[in-house]
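**Q** Let me begin by handing over the structure; questions about it come next.
The values are calculated or read from the model by the stated rules, or taken from the named source; none is laboratory data. From a predicted model like this one, the values you see are computed outputs, not experimental measurements. Here the Cβ is made from the backbone with ideal geometry for all residues, glycine too, and neighbour counts use every protein chain on show.
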Amino acid sequence: MTPIPAPAFSLPPNAHQETIDFLRRLSSMLTGGRNAEMLQEAAATIETLSRRAATAEQRFAEQQEDHARNIELREVAELASDNLIAETEQLKAILDAEIASVKQQLEESRQQLEESTRQAEIERNLYAEETTHLQANADAAEMRLTEVNAELEEYRRPAEARIDDTIAVVPVASLELARAQFDFLARGFAASGDVVSQTICEIGASAIDKALADNAAAKQPR
């Protein structure tokens, strides 16, 4: 609450001048002596005190003006301080919100990175397992192709070498089973994109087809 300045009471400019003039006129009417001197001294004293009172009154008015100016400046400073505090609090709230947002973004980025790392690890393990599986299938197909080639070579030998009484060394059913296995493996390799293993299986199947065709031709009467 703004303090109310004390009212300044100023005397009329001629409040004491009439008294001073009266004392001096009265002194001049006397023939001299102590009474005249006392009247002159009284007039001088009143005049001096009047000047001092006027000076004090002027100084008091100036002090009142300075006091009012200081109060006004203080109110302006307090208002500016309040505005600055409010602005600081607002900026602090904005900064806190920005920091919280950055922390949240960093946490989300960290979680995404961890998820990407886990996913990459899973895919790498799946790829390694698939590669091992395909390699095992390729090795099995290669081994089977070697066996079939050996059987075909055995089958291509003269009949005397292949036949022991009534039992064939390479039954046709075995060749047809091997042909079906090669077809199954070739389809599996084609689905997984393993072109090399697929080609090996197709070559094996083609060789068996040729052997079966030769066997059928050999059975036809001439």
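**Q** Taking into account only those residues within the range 172-222 that are hydroxyl-bearing (Ser, Thr, Tyr) and in contact (Cβ under 8 Å) with a residue 40 or more places away in the chain, which is nearest to Tyr127 (Cα to Cα)?
**A** It comes out as Ser192.
**Q** Test Ile46 against the criterion of being touching a residue at least 24 places away in the same chain (Cβ under 8 Å) and over 30 Å from Gln17 (Cβ atoms), and give yes or no.
**A** In short, no.
**Q** Could you list all residues from the range 1-48 that are on the phi < 0 side of the Ramachandran plot, modelled with pLDDT of 55 or more and assigned to a loop (DSSP other than H, G, I, E, B)?
**A** Selection gives Asn14, Ala15, His16, Leu30, Thr31.
**Q** Suppose we keep only residues that are out of contact with any helix residue (DSSP H, G or I) (no Cβ under 9 Å at 6 or more places or on another chain) and more than 14 Å from Asp194 (Cβ to Cβ) within the range 130-162. Which one would you say is modelled with the lowest pLDDT?
**A** Looking at the filtered set, the residue picked out is Glu160.
Each row is one residue, and each column tells you yes or no for (1) assigned by TED's automatic domain parsing to the domain that holds Ser192; (2) among the charged types (D, E, K, R); (3) more than 30 Å from Phe189 (Cβ to Cβ); (4) without any contact (Cβ under 8 Å) to a residue 24 or more places away in the chain.
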| residue | (1), (2), (3), (4) |
| --- | --- |
| Asp66 | no, yes, yes, yes |
| Ala77 | no, no, yes, yes |
| Asp82 | no, yes, yes, yes |
| Gln90 | no, no, yes, yes |
| Leu106 | no, no, yes, yes |
| Thr131 | yes, no, no, yes |
